[in-house]
Every structure is written in structure tokens, then in C-alpha cells.
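This report concerns only the one structure given below.
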Amino acid sequence: MSCPEALRSLPLEQLPAAAAEIRDFLVEHVCRTGGHLGPNLGAVELTLALHRVFTSPRDALVFDIGHQGYVHKLLTGRGEGFARLRQAGGLSGYLSRTESDHDLVENSHASTALSYADGLAKARQLSGQSENRAVVAVIGDGALTGGLAWEALNNLGAARRRPVIVVVNDNGRSYAPTTGALAAHLDVLKQDGGAHACQNLFTELGFTYFGPVDGHSIGDLEEVLRRARSMQRPVVVHVATVKGKGYRPAETDAADCLHAVGTLDHATGAPAATPGPAAATGASAPSWTSVFGQALADLAGERADLVAVTASMLRPTGLHTMAGRFPDRVFDVGIAEQHAVTSAAGLAMDGFHPVVAIYATFLNRAFDQVLMDVALHKLPVTFVLDRAGVTGPDGPSHHGMWDLSVLSAVPGLRIAAPRDAARLPELLRDAAESAGGPTVLRIPKGPAAADVEAVARMDGLDILHRSPGHRLDVLLVPVGPLAAPALQAARALERQDVGTTVMDPRWVLPVEEALPALAARHRLAVTVEDGLRTGGVGAALAQACREAAVATPVLPLGLPHAFLPHGSREALLAEAGLDPHGILHAIRRALAQQPGTSPALPVPVTTANARRMR
């Protein structure tokens, strides 16, 4: 099925076979490449019905998040691209405006679809096209817990003559089961078969309500969607679906119905064996997330005042470990990052120390709450930012590359970045003991880095490497797990007679007072961070050096001021010059540009260096 026109020409009785064929395709391809499996399997019939009733892209189909967008991609001619799903240069794991005119929204942050739909409907009304160009927003019951969705519902329901069709794809969960009063209300509507259709939450807000509709009956879906279109007013179509439908390993997966998967054996749904030494021995490094989860649970066992908050990401952020031991001290507030942060502020006001575990890219949504509700009040809230830096195959909306630049503007907030698994519990404990204001712990996606022991600690800074018998030429300041490539570059420089010091600040922002003084003893200071080059640790160190009248130039190595595509973390870091080769090349180029440097010599013999050599 490669185009909507062909789909619309199929007789209704042939559609179940088409749905089964699509499910087989998804299981085979997503198990091979990894991606979002469960949500898409549950949305097959719904997407078929949407494309038969509405004519995309003339009619706007706005999918919230894009977790359920794979069927839409198939129906709009992108089947061949699934062979390279989420790989560099291949098909995006979310919707993508550069891939197709059928994709309107690609930001992949939840609860946004209804606001987009509100704006699209206003535009079409102003241009006189609202009657023949429909606007449809598809949103899950999990995403409907977000505050932005309710702001949009408030506006959509009040505009009685502005037609927008809100399709609530209700499978009872996002990653985990949907929580809160809304979930309970939707369950009531499903259980009584629509007996409350005349009066419910949506009708009170001004919508016409249709439902609940069997989300796996294409005939029923088409009938209701056509009625909704004919209303020419705000309508909610409540669709009940099964996450992971048609693939037993997904339907029976208690954790998240195989929501997001790596490579799997498609026959069993079990993780596929990976090549390499780890697979051969059966051993693998624990993930950063699991190391954090265990460390937090252990710390909670020592401290009764420690509580945790998640925005519908209990298992993806590692909080399920603490929840298993202390269920009354872990709070899932739904997909509501703003509420999560200010709720944590309330907990802190009354004597608790909240740990808010959240993906780095999603904390952007609650910046005002971090700034005004937590930092202004100097409250001891710890934010643990999972997936910080380059995340890899999820692409531009999920790279956690903004946190260092954004949060550096918050007065009184301190940011730590563990370089390895051993440092994570240590820094988490430090953060939990901080009582004077908010703290942040940032960890990347993937296996935790191997331990890197310090050769010395000075003023709270860990010295990881010093070149014995060499001049103090280059001070390398890596952020978190970028310590490993920085050390490789330092050793290569040392072999070229360039003396290096590698310093892990541990607490990277604000800049520790001892760091500018250490930079003053070197010819060049270089920061290495998987955040933006602008506004991050490098920029902060450069300003600190200026304020301390330190003349040593600071070279910030980091990510470009751009939206990065999807690809492997390793490849994207290398492309940004954050692998050992890129770090080495940047340092040699910077040294060669310093006054008095001979092209043949990596280090100039200046008066200052002569003094250091004595």
C-alpha cells in the first residue's frame, strides 16, 4: 500500500487483510532496525480509516508526537525507507517535513497537536477554506494529560463554528499506564459503552462527542469520522485501541507493550544477539539510566526525605527501581513537565528533597518553572537529565543538547556531569545533600562509561592526566563522559611533545573558582562538551577567565548551533569534532595559530614557555 489514492479505492472487505500485511511489515522491519513498535501496531486500522476519509495533505492530519506515525509513512509512499529506519541518512523515526508533504509536525514533544490544529483551523477559516479542508488532530490519552493539550481544548471547544476533529487514541497508556483523573474518566466512558456520551468532560468543554469507537474496526471508524467531518464544528472522536495489537510479544509486554525497542528477534520479541565481545561473554555494561536508578534507590533507603517525580517516564528514567522499594515516595504526574517541576518545588518547600528525573530535551518545556518556581525560591530540587547531549537515532527533537546553554542562565543552579559509572552515585549524593538551591545531574543515553580514576583532586577538581616532564601547554576540560576521548587526545599530544593536563570539574557550571587560575598556567584551555558551543561550559570558562584577568585563550569544542539529524551517537559526536581525532586536530590548529609558533613546531618557544621549562 504505497499511496492514499490506492487505499481509498480498496473495497472495505479487503482492508483487514491490508491491516494484517502492514502489521507483518512493521514487525519485520522495526525488529530489525529498532524504533517505536507497540504504538504503531495499535494504530493500524485508525490510520487506514483516517486516510480513507480524509485527503492528506489537503486535509491536515496532525499526529501528536509521531510515535504512531509509521503506518502514515507507509501509506504515503515511504515503505522502502524502512530498511534504514532511524539510521544516518535514512528514514526518520518520527514524522519529518523534509520527507513528505504529508508530514506537518515533526517536533515529537507530546501534547502539541491540538494547538497546531487550533492554529491551522484559524488559518483556514480566515482564508475561507474551513468547509473543504478539514483539520484532524490525533492525540493519545497519555499525551492528553499534558497541560498544553488542555490549553488547546479550552480554546477549541469555545470556538463552536471552527471545525476541528480531535481523535483521542485511547490505549490506556503512554509508556506506562496513563494515570490521573482523566484516565479514570476515559475508562468510565469505555466501560459504559458511551452511555455518558450526552454529558461528559468533552461535551462540557463545547465538543460534540462520538465514542467510544472500536479502534480496530475500520468500518466503524470510517462511519464515525465521516459524521464528525460533516458536523463542521469541534468534535472529539474517542477511539479505543490496543497497544501492540496483533503481535503477542508486544501485547503481553507488561513494561510498555514494546513501546520503543532496539533490534529484536521478530519471532519471539526477545532482544537480538549483538556481535562483539560483550555478546560472546554474555556481559554488557549497565546503562547510565540503570546506574542512576539503583543509586537513587539506595540513597532513598538512607534518607526518608528523598522523593522522586517523573512525567510519565517511570521506567525510561530509571525511577521504577525506587518505586519498587518505596512506591509512596515516587510520583508520576503524567506528561506534564511544568507541573512536575512546580510540584517538586512544593515538596521542597515542606522539607523533602525531590529528584525530578526527566529527559534533557523535555526539561526545556519547564524552563520558567525551573527559573521562577524553584531557583528564585532557592529550593533544593535535583533534576536528573537523562539522554543529555547527543542521543542518536531519535533525531533533532530528542537530542538533549540545549540544557547546558539554557540552564547556565539560572542563578544559583549547579550542574554536575559524571564522567563514569563510579562518579554518578557520588555526585548524586552531593546533589541530594545540597540545601541552598537547585542542582542538575546530566547523564547521556547508552552504556555507562568505564571508570576513569583521578590521579589527584585539587579544590574539588579531579586531575585525570598530567604530562610529566613537559611544559604546561594545554588544559583540557571535558564534560562528563567526554573525558575518555579527551584523555586519548591528551596522550596523542604528549607523544608530539605537547604537555597536557586533563581536568574533570565534576560540577561543570557555574565554573569552579580554581579553574581560571589553573587555565592561567597553560598556553591554551580547551573545553569539550556535548552541548552547544555557545552558552555552555566553554563560554562560561572564557568569561570567568576574562573576569579574573587571565589571558589564556579558551577554545570551546561542542555541538554546532543547529538541529542535528538522527544517526548513531558515535558518528554524530565524531562529525562535531568531539572524538579523539577531532579534539586533537582542533588543539593542534589552535596552537599553530598562536603568535610565535613555527609551522614545524607544535609548541612555540616563547619567553613565558622558557620560564616554565626551567
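Phi-derived couplings, Karplus 6.51 cos²θ - 1.76 cosθ + 1.60 at θ = phi - 60°, listed residue by residue for the range 385-401: 9, 7, 6, 6, x, 6, 9, x, x, 7, x, x, 6, 10, 4, x, 9 Hz, with x used for Gly and Pro. Heavy-atom accessible area with a 1.4 Å probe sorts R429, R8, largest first, into R429, R8. Distances between placed amide hydrogens fall under 5 Å for V138 paired with V62, F63, D64, V167, all partners being 5 or more residues away or on another chain. When every Cα-Cα distance of the range 368-495 is counted in 5 angstrom steps from zero, the calculated P(r) takes the values 2, 9, 17, 19, 18, 15, 10, 6, 2, 1, 0 percent.
Which of rounded, prolate or oblate describes the range 508-549 when judged by the alpha-carbon gyration tensor and an a/c cut-off of 1.5?
prolate
If I compute mean projected area of the Cα convex hull in nm² from the structure I just sent, which labelled value in [x] 31.8; [y] 36.9; [z] 30.2 lines up? Given [x] 31.8; [y] 36.9; [z] 30.2, the calculated one carries the label [z]. Assuming a ≥ b ≥ c are the square roots of the Cα gyration tensor eigenvalues, decide whether the range 474-538 counts as rounded (a/c under 1.5), prolate (otherwise, with a/b larger than b/c) or oblate. Taking the square roots of the gyration eigenvalues as a ≥ b ≥ c, the range 474-538 is oblate.
So how strong a dipole does the range 279-431 carry about its Cα centre when Lys and Arg Cβ are +1 and Asp and Glu Cβ are -1, to the nearest 20 debye? Each step should come with its number before you reach the end.
Details: 11 positive and 15 negative charges, 40 e Å.
Using Cβ point charges on Lys, Arg, Asp and Glu, the range 279-431 gives about 180 debye.
Note on the range 73-196: with charges restricted to the Cβ of Lys and Arg (+1) and Asp and Glu (-1), its dipole about the Cα centre is near 260 debye. With one equal scatterer per alpha carbon and no solvent term, the Debye-computed log10 I(q)/I(0) for the range 120-208 at 0.13, 0.17, 0.18 1/Å reads -0.48, -0.79, -0.86. Couplings 3J(HN,Hα) of the range 186-191, computed from phi: 5, 5, 4, 4, 6, 6 Hz, in residue order, whole Hz [Karplus 6.51 cos²θ - 1.76 cosθ + 1.60, θ = phi - 60°; x for Gly and Pro]. Based on alpha carbons, the Rg and Dmax found for the range 66-170 are 15.1, 45 Å. What pairs in K73/K245; K378/K445; K190/K245; K73/K243 have C-alpha atoms more than 24 Å from each other? Too far apart for the 24 Å limit: K378/K445. Summed over the residues of the chain and divided among them, the accessible surface reaches 39 Å² per residue at a probe radius of 1.4 Å. Note that the range 460-473 has calculated 3J(HN,Hα) couplings of x, 9, 8, 8, 9, 7, 9, 8, x, x, 10, 5, 7, 8 Hz, one per residue in order, obtained from phi through the Karplus relation 6.51 cos²θ - 1.76 cosθ + 1.60 (θ = phi - 60°); glycine and proline are x.
Give the carbon-plus-sulfur fraction of the accessible surface of the range 117-172 in %, rounded to a whole number; probe 1.4 Å, heavy atoms of protein chains only.
45 percent
Provide the percentage of antiparallel DSSP beta bridges, counting only those with both residues in the chain; round to the nearest 5. The antiparallel proportion sits near 20 percent.
Heavy-atom accessible area, probed at 1.4 angstrom with all protein chains present, ranks C3, C198 as C198, C3, highest first.
Across the options T112, L153, G89, the greatest Cα extent toward the positive end of the charge dipole of the range 76-207 (unit charges at beta carbon of Lys, Arg, Asp, Glu) belongs to G89. If R0 is taken as 41 Å, the Cβ-Cβ distance between D328 and Q14 corresponds to a FRET efficiency of 0.20. Angle check, please: helix 15-33 long axis (alpha carbons) against the longest principal axis of the chain (alpha carbons), in degrees 0 to 90, nearest 10. Helix 15-33 and the main axis of the chain meet at about 10 degrees.
Put +1 on the Cβ of every Lys and Arg and -1 on every Asp and Glu Cβ in the chain; which of V235, P327, L413 then has its Cα farthest towards the positive end of the dipole? It is L413, whose Cα lies furthest towards the positive end.
Under a 5 Å amide H cut-off, with hydrogens placed 1.01 Å from N, F331 pairs with A308, V309, T310 among residues at least 5 apart or on other chains. The residues E453, E337, E80, sorted by heavy-atom accessible surface at 1.4 Å with ligands and nucleic acids left out, run E80, E453, E337 from largest to smallest.
In the context of the full protein assembly, K190 retains an accessible surface of approximately 60 Å², using a probe radius of 1.4 Å and ignoring ligands and nucleic acids. Net charge of the neighbourhood of P234, taken over other residues with C-beta under 11 Å away and scored Lys/Arg +1, Asp/Glu -1, is +3. Close amide H pairs (under 5 Å, H built 1.01 Å from N) link D462 with D504, R506, residues at least 5 positions away or on another chain.
Overall shape: oblate for the range 227-380, with the ratio a/c of the largest to smallest alpha carbon gyration tensor axis at 1.5 or above and b/c at least equal to a/b. Relative to the Cα centre, the charge distribution of the chain, modelled as +1 at Lys and Arg Cβ and -1 at Asp and Glu Cβ, gives a dipole magnitude of about 1540 debye. For V455, the solvent-accessible surface computed with a 1.4 Å probe is close to 90 Å², ligands and nucleic acids excluded. Only protein heavy atoms count here; under a 1.4 Å probe, W150 has an accessible surface of about 80 Å².
The values are calculated or read from the model by the stated rules, or taken from the named source; none is laboratory data. In this text, all values refer to a predicted model and were calculated from it rather than measured experimentally. So basically every Cβ, Gly included, is an ideal-geometry build from the backbone, and we count neighbours across all protein chains shown. Areas reflect the complete protein model, heavy atoms only, side chains present, ligands, DNA and RNA absent. Shrake-Rupley method; radii C 1.70, N 1.55, O 1.52, S 1.80 Å.
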